[in-house]
Structures are given as structure tokens and as C-alpha cells.
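Here's the structure we're looking at; comments come further down.
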2 protein chains.
Amino acid sequence: MLAAAEACGGKLEDALAPACAVELMHTYSLVHDDLPCMDDDDLRRGRPTSHKVYGEGMAVLIGDALLTEAFAILARTPETKRYGIREMLVEFADCGGSKKLIGGQVLDLEGEGKDLTKRELVRIHENKTAALLMTSLRLGGMTANATPRQMEGLSEFGYNLGLAFQVVDDILDVTQSTEVLGKTAGKDEAVDKATYPSILGLEKSKKEAARLTKKALDALGVFGRKGMKLEEIAHYLLDREF
Amino acid sequence: MLAAAEACGGKLEDALAPACAVELMHTYSLVHDDLPCMDDDDLRRGRPTSHKVYGEGMAVLIGDALLTEAFAILARTPETKRYGIREMLVEFADCGGSKKLIGGQVLDLEGEGKDLTKRELVRIHENKTAALLMTSLRLGGMTANATPRQMEGLSEFGYNLGLAFQVVDDILDVTQSTEVLGKTAGKDEAVDKATYPSILGLEKSKKEAARLTKKALDALGVFGRKGMKLEEIAHYLLDREF
């Protein structure tokens with residue numbers, strides 16, 4: 001988000017409120033996804049999950065509170081000439097809503113234990129991961145009063161980087177240990193979840209991650225030298241080990 | 001909400017979007033409150049609860065989607081001279097947030113099986129019920145470009161009516177059948193939940209409901225004849241049988 005604002009010539013401090021909002025929305029989605037009635041995870045970021053510490057009822061409420069607070073914080077975003085608080089609110093709510101973030105989780109829940117095609121898997125990740133990344137970048141652009149062409153670049157970059165991020169995530173789930181990841185490794189296979197490695201195999205998955213990252217990088221042309229931070233982030237996400 | 005807009009001289013159609021938003025927020029809170037890890041209710045509005053029909057994971061997501069959609073719909077509210085979309089968003093998010101709606105549910109969960117004082121009980125209901133009613137009325141006022149004095153009247157009316165509503169709700173839980181209520185009757189006593197009847201007794205609770213309703217009605221002076229719909233609603237809520 002901050003790098004997107006910078007790439008569009010905006011000020012970092014103007015993007016702080018929506019950056020916090022996206023972070024809270026992301027965290028709420030993790031707290032709810034980890035619940036026993038969803039993915040049933042005990043470990044997140046190297047620590048016990050919310051429901052393990054505070055109980056299930058409280059974990060539902062923690063997620064609800066984070067989501068609501070996300071909107072309260074978003075309200076503090078300064079408006080720009082092209083983008084009012086209304087546009088930002090619609091962008092943010094659409095991304096978190098039943099067509100994207102939650103729609104993706106519904107497909108994810110329904111797909112457990114089933115053989116998915118690559119296309120079906122991509123659809124889940126488009127909604128769950130790529131949408132939030134795109135919105136994060138686009139909100140950053142909005143705070144910088146980005147031109148339509150810049151917004152297009154951010155969308156294209158975010159979409160492909162989001163998918164690449166998820167391919168890498170699936171790979172790490174297979175190749176890394178629980179200690180390194182800070183969340184339960186091998187979880188996908190244990191619950192028979194379709195992933196890139198399970199559909200494409202490990203080698204092809206790595207190539208797919210590289211291909212998507214390249215596609216993301218190609219979308220940065222419009223930003224020239226100002227897009228360097230975004231470039232770095234893309235390389236970092238591809239090469240990360242946890 | 002619509003009656004509040006009308007009382008302030010506004011147009012009903014301007015209040016439709018925030019009215020839907022409040023309705024969705026209310027419904028989300030019911031879907032999550034009914035979950036097995038919260039109040040564990042099987043019946044709501046005469047029908048099986050969401051988690052009974054769709055499973056727990058899906059019920060969590062249904063609530064999440066309703067909450068997110070509430071903000072998306074709120075974004076469609078027309079602005080007025082005194083109130084921009086930002087003020088409405090802050091009002092709405094604050095009401096649903098950890099200090100009010102969710103804070104009330106936290107106190108509620110923590111209070112189960114404990115002896116609460118009347119004061120502690122009022123605090124739960126202030127947050128859970130009165131806050132949402134106040135916000136509904138205040139948003140209605142905002143769409144009608146209400147004066148500060150009108151907003152004060154709506155707040156005072158909503159606060160007292162919200163508390164009165166909850167006293168009546170507690171009374172009905174004791175005096176009515178599951179069939180009439182459309183939700184499980186006698187539930188409060190079964191889970192040893194503090195209620196107005198359990199603290200004050202039935203007769204004093206009825207007097208309390210009447211007293212609060214009168215206080216609510218007294219706040220309507222500022223609206224003159226235009227406040228008639230709000231008056232009717234207050235009488236209806238006091239006299240309702242389900």
C-alpha cells in the first residue's frame with residue numbers, strides 16, 4: 001500500500017489509515033479462517049491462534065471487531081481530487097465482501113477434500129488473496145490521486161503478485177517446517193486440500209510462481225523508477241522462505 | 001430510521017440505504033450471537049438458525065458477509081449539507097465496534113452464569129441494543145440534514161427506547177411461548193442469564209419498561225407533530241407480545 005502510494009507520487013502518511021484498515025481486514029480473515037469450524041488451525045505467526053487463547057466465541061467477536069474497526073479507520077483517509085471517501089469505501093467493502101474475500105473462503109470450504117482443476121484453484125486465490133492485494137495497492141493509489149493508467153498498473157501488478165504469493169505459500173507448506181513457517185506445515189496435504197503442488201507438482205509450481213511474478217513486474221512500466229519499491233516487494237515475495 | 005428521517009423533515013428514500021445497512025448489521029449480529037460458541041440458539045424468527053441450516057463455518061461467513069455488505073450499502077447514502085459520508089461511516093462503525101455492539105456481547109458472554117447488578121445489566125443493553133437503535137435514528141436524522149437539537153432528541157429517544165425494548169424482551173422471554181416468540185422461550189433462565197425479571201422481578205420490570213418508554217417519548221418534543229410515527233413505534237414496542 002505505502003509503496004503503491006509512493007509509486008504514484010503520493011505521501012506515505014496519507015496512505016497510513018487505509019494501510020491499517022487493510023491490515024485489520026486481513027487479520028480478521030485469518031482469525032475467522034483459523035476457527036475450528038473453518039480451517040481449524042492451532043498456530044498462526046508462531047503463536048497459538050485466537051480461539052486457542054480466548055475461546056471460540058471470543059475469537060468470533062475478535063474477528064468481528066477487527067473488521068468493523070477496519071472501516072472506522074478507513075474513514076480517516078484523506079480524500080483526493082479524483083477519489084472521495086465513498087469510492088474508497090466501495091473498493092474496500094467489495095474486496096472484503098461475498099463476491100471476493102468471503103466468496104473465496106466459501107469456495108475454499110466447499111472444495112476441501114475434492115479434486116479441483118487448476119482453474120478452480122485460481123478462482124479461489126483470485127478472490128481470497130489477489131483481491132486483497134489489489135485493493136491494498138489501489139487504495140494506496142487513490143490516496144496519491146493516481147491516474148487511471150497508474151490504477152490499471154497497480155491492479156495488474158496486484159492481481160499477478162497475489163496469485164504468485166499464493167503459489168509460493170502452497171510450495172512452502174510442502175517444503176518448510178512448522179517452526180520456520182510459524183503456522184502448521186503440511187496442513188494442506190493433511191486435510192486433502194487442493195494446492196498448486198498437488199495439481200501441478202512442485203517443479204511446475206515454482207515455474208508458475210516465477211511466471212506470475214514476471215507478469216506482475218511487467219505491469220510496473222508505467223511507474224518508471226518510482227516503482228522500485230514495488231519491484232523489490234515482488235522479488236522478496238518470490239524468494240521468501242516463510 | 002425512516003420515521004427519524006421523516007421527523008426531521010427528510011425524504012424517506014434518502015434514508016433507505018442506511019436503513020438497509022443497519023438491518024444487515026443487526027442480522028449479522030444475530031447470526032453470530034446464535035452460534036454454538038456464543039448463545040447456541042436453534043431457532044430465530046420462527047426458523048432454524050443459519051448454522052443449523054448451513055453449518056457453523058458457513059454461518060460465520062454469512063455474518064461476515066452481512067457486516068461487510070452493510071458498509072458497502074451505507075456508501076450509497078446521499079450526503080447532506082451538515083453530514084458527509086465520513087460522519088455516517090464513523091457513526092455506523094463506532095456503533096458496531098468493540099466499544100458498543102461487540103463490547104456488549106463480550107460483557108454478555110462474560111456475564112453468563114454470574115449474578116449481575118442492575119447497573120451491569122444496563123451496561124450490556126446500552127451497548128448491545130440501545131446503541132444500534134440510537135445509530136439507526138441518528139443516521140436517519142443525518143440523511144434529513146437534522147439540526148443538532150433534533151439529533152439530540154433522536155439520541156435521547158433511541159437510548160431510552162433501546163433500553164425499554166430490552167426490558168420488554170426479557171419479560172417476553174419469561175411470559176411467552178417459543179411458538180409466539182419465534183425463538184427459544186425461557187432461554188435466559190435455562191442458561192442462568194441475568195435479566196430484568198431475574199434482578200427486579202416481573203412487576204418492577206414492567207414498570208421499568210413503562211418508565212423508559214415515557215422518557216423516550218418525552219424526548220420527542222422537539223419534533224412536534226412530525227414525531228408521531230416515532231411515538232407510535234414506542235407504544236408498539238412497549239405493548240408488543242412477541
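Hey, can you grab everything whose amide H is under 5 Å from the amide H of B:L43? Only 5+ residues off in sequence or another chain; H modelled, so Pro and N-termini drop out.
Counting only residues 5 or more places away or on other chains, the set is B:T49, B:T184.
Tell me, what HN-Hα J-couplings in whole Hz come from the Karplus equation 6.51 cos²θ - 1.76 cosθ + 1.60 at θ = phi - 60° for each residue of the stretch B:166-181, using x for Gly and Pro?
3J(HN,Hα) across the stretch B:166-181, in whole Hz: 6, 4, 4, 4, 5, 5, 4, 4, 8, 9, 10, 8, 4, 4, 5, 6.
Please arrange A:E203, B:E79 by accessible surface area, largest first, computed with a 1.4 Å probe and ligands excluded.
Numbers: A:E203 120, B:E79 100 Å².
Descending accessible area places them as A:E203, B:E79.
Just in the stretch A:175-242: which trypsin sites (Lys or Arg not before Pro) are loop by DSSP and have at most 16 other Cβ atoms within 10 Å?
On the way: sites: A:K183, A:K187, A:K193, A:K204, A:K206, A:K207, A:R211, A:K214, A:K215, A:R225, A:K226, A:K229, A:R240; in loops: A:K183, A:K193, A:R240.
Answer in residue order: A:R240.
Computed over the Cα atoms of the stretch A:112-240, what is the convex hull's projected area averaged over all directions, in nm²? Could you put the intermediate results ahead of the total?
Details: hull surface 32.1 nm².
Orientation-averaged projected area of the Cα hull: 8.0 nm².
Can you list the residues of the stretch A:33-50 whose accessible area drops by at least 20 Å² going from the chain on its own to the full set of protein chains, with a 1.4 Å probe?
A:C37, A:M38
Tell me, what ³J(HN,Hα) does each residue in the stretch A:78-89 have, in order and in whole Hz, if you take phi through Karplus 6.51 cos²θ - 1.76 cosθ + 1.60 with θ = phi - 60° and put x for Gly and Pro?
x, 7, 10, 4, 7, 10, x, 4, 5, 4, 5, 4
Can you send over the solvent-accessible area of A:Y28, 1.4 Å probe, protein chains only, in Å² to the nearest 10?
10 Å²
Accessible area, 1.4 Å probe, largest first: how do A:R44, A:R149 sort? Please list the in-between numbers first.
Numbers: A:R44 60, A:R149 165 Å².
My answer, sorted largest first, is A:R149, A:R44.
Summarise the accessible area of the stretch B:134-242 (1.4 Å probe, protein heavy atoms) by the percent that is carbon and sulfur. Before the final figure, lay out the partial values.
Values: 2880 of 5300 Å².
Result for the stretch B:134-242: 54 percent of the exposed heavy-atom area is carbon or sulfur.
Residue by residue through the stretch B:138-153, what is 3J(HN,Hα) from phi via Karplus (6.51 cos²θ - 1.76 cosθ + 1.60, θ = phi - 60°)? Round to whole Hz and write x for glycine and proline.
Ordered by residue, 3J(HN,Hα) equals 5, 5, x, x, 4, 5, 9, 6, 4, 6, x, 5, 5, 4, 5, x Hz.
Excluding ligands, DNA and RNA, what is the accessible area buried between chains A and B, summed over both sides, using a 1.4 Å probe, to the nearest 100 Å²? Before the final figure, lay out each step's value.
Details: alone 12400 and 12430 Å², together 21990 Å².
Chain pair A/B: roughly 2800 Å² of buried accessible area.
Going by a ≥ b ≥ c, the root eigenvalues of the Cα gyration tensor, does chain A fall in the rounded group (a/c under 1.5), the prolate group (a/b larger than b/c) or the oblate group? Please report the intermediate quantities before stating the final value.
On the way: a/c = 1.91, a/b = 1.26, b/c = 1.52.
Oblate shape, in that a/c is at least 1.5 and b/c is the bigger or equal ratio.
May I ask you to find the residues of the stretch A:58-105 that are shielded by at least 50 Å² of accessible area once the whole protein assembly is considered instead of their isolated chain (probe 1.4 Å)?
By number: A:M58, A:V60, A:L61, A:D64, A:T68, A:F71, A:A75, A:I85, A:R86, A:L89, A:I102.
Among B:T80, B:S177, B:L61, which residue has its Cα positioned farthest towards the positive end of the charge dipole of the stretch B:2-239, with +1 placed on the Cβ of Lys and Arg, -1 on the Cβ of Asp and Glu, and the dipole taken about the Cα centre?
B:T80
Measure nothing fancy, just the Cα-based angle from helix B:16-33's long axis to the longest principal axis of chain B, in degrees from 0 to 90, nearest 10.
It works out to around 20 degrees.
For chain B, what relative contact order do you get, as a whole percent, if you take Cα pairs closer than 8 Å and at least 6 residues apart?
On the way: 375 pairs, mean separation 61.1, N = 242.
Rounded, it is 25 percent for chain B.
Note the angle between two axes, namely the Cα long axis of helix B:202-218 and the longest principal axis of the Cα atoms of chain B, as a number of degrees from 0 to 90, rounded to the nearest 10.
10 degrees
Helix-only mean residue ellipticity at 222 nm, chain A, DSSP H runs n ≥ 4 weighted -39,500 (n - 2.57), per residue, nearest 500. What is it?
Working: 14 runs with 162 residues, N = 242.
Result for chain A, helices only: -20500 deg cm²/dmol.
Using the Cα centre of chain A as the reference point, and only Cβ charges (+1 on K/R, -1 on D/E), how large is the resulting charge dipole? Debye, rounded to the nearest 20.
Working: 31 positive and 39 negative charges, 200 e Å.
Around 960 debye, computed over chain A.
Roughly speaking, to the nearest percent, how much of the stretch B:63-133's 1.4 Å accessible area is carbon and sulfur? Kindly include the intermediate steps, with their values, before the conclusion.
Numbers: 1480 of 3110 Å².
Of all accessible area on the stretch B:63-133, carbon and sulfur atoms account for 48 percent.
Sorted from shortest, what are the nm distances separating the label point of A:E203 from equivalent points in the other copies, each placed 7 Å from Cα along Cα to C-beta?
Distances between equivalent label points, in nm: 8.7.
Please go through the stretch A:46-104 and write out the trypsin sites (Lys or Arg not before Pro) that DSSP classes as loop and that have at most 11 other C-beta atoms within 10 Å.
Values: sites: A:K52, A:R76, A:K81, A:R82, A:R86, A:K99, A:K100; in loops: A:R76, A:K81, A:R82, A:K99, A:K100.
Those that pass, being in a loop and sparsely packed, are A:K81.
Relative to the longest principal axis of chain A, what angle (0 to 90°, nearest 10) does the C-alpha long axis of helix A:228-239 take?
Long axis of A:228-239 versus the principal axis of chain A: about 10 degrees.
Quote the Stokes-Einstein diffusion coefficient, in whole µm² s⁻¹, for the stretch B:31-92, based on the Kirkwood radius over alpha carbon pairs, a temperature of 20 °C and a viscosity of 1.002 mPa s. It would help to have the intermediate numbers written out before the result.
Values: Rh = 13.4 Å.
Rounded to a whole number, D works out at 160 µm²/s.
Got the B:R149 label distances to the other copies yet, label 7 Å along Cα→Cβ, in nm, shortest first?
5.7
Could you provide, to the nearest whole Å², the per residue accessible area of the protein assembly as shown with probe 1.4 Å? Let's see the in-between values first.
Values: 21990 Å² over 484 residues.
I get 45 Å² per residue for this part.
Using +1 at the Cβ of each Lys and Arg and -1 at the Cβ of each Asp and Glu in the protein assembly as shown, identify which of B:T147, B:L121, B:L2 lies farthest towards the dipole's positive end.
It is B:T147, whose Cα lies furthest towards the positive end.
List, shortest first and in nm to one decimal, how far the label point of A:Y54 (7 Å from Cα along Cα→Cβ) is from its counterparts in the other copies.
2.3
The values are calculated or read from the model by the stated rules, or taken from the named source; none is laboratory data. Since we're looking at a predicted model, the values are computed, not measured. Because the Cβ atoms are built from the backbone with ideal geometry, glycine has one as well, and the counts that use them run over all protein chains shown. Accessible surface areas use protein heavy atoms only, side chains included; no ligands, DNA or RNA. Shrake-Rupley method; radii C 1.70, N 1.55, O 1.52, S 1.80 Å.
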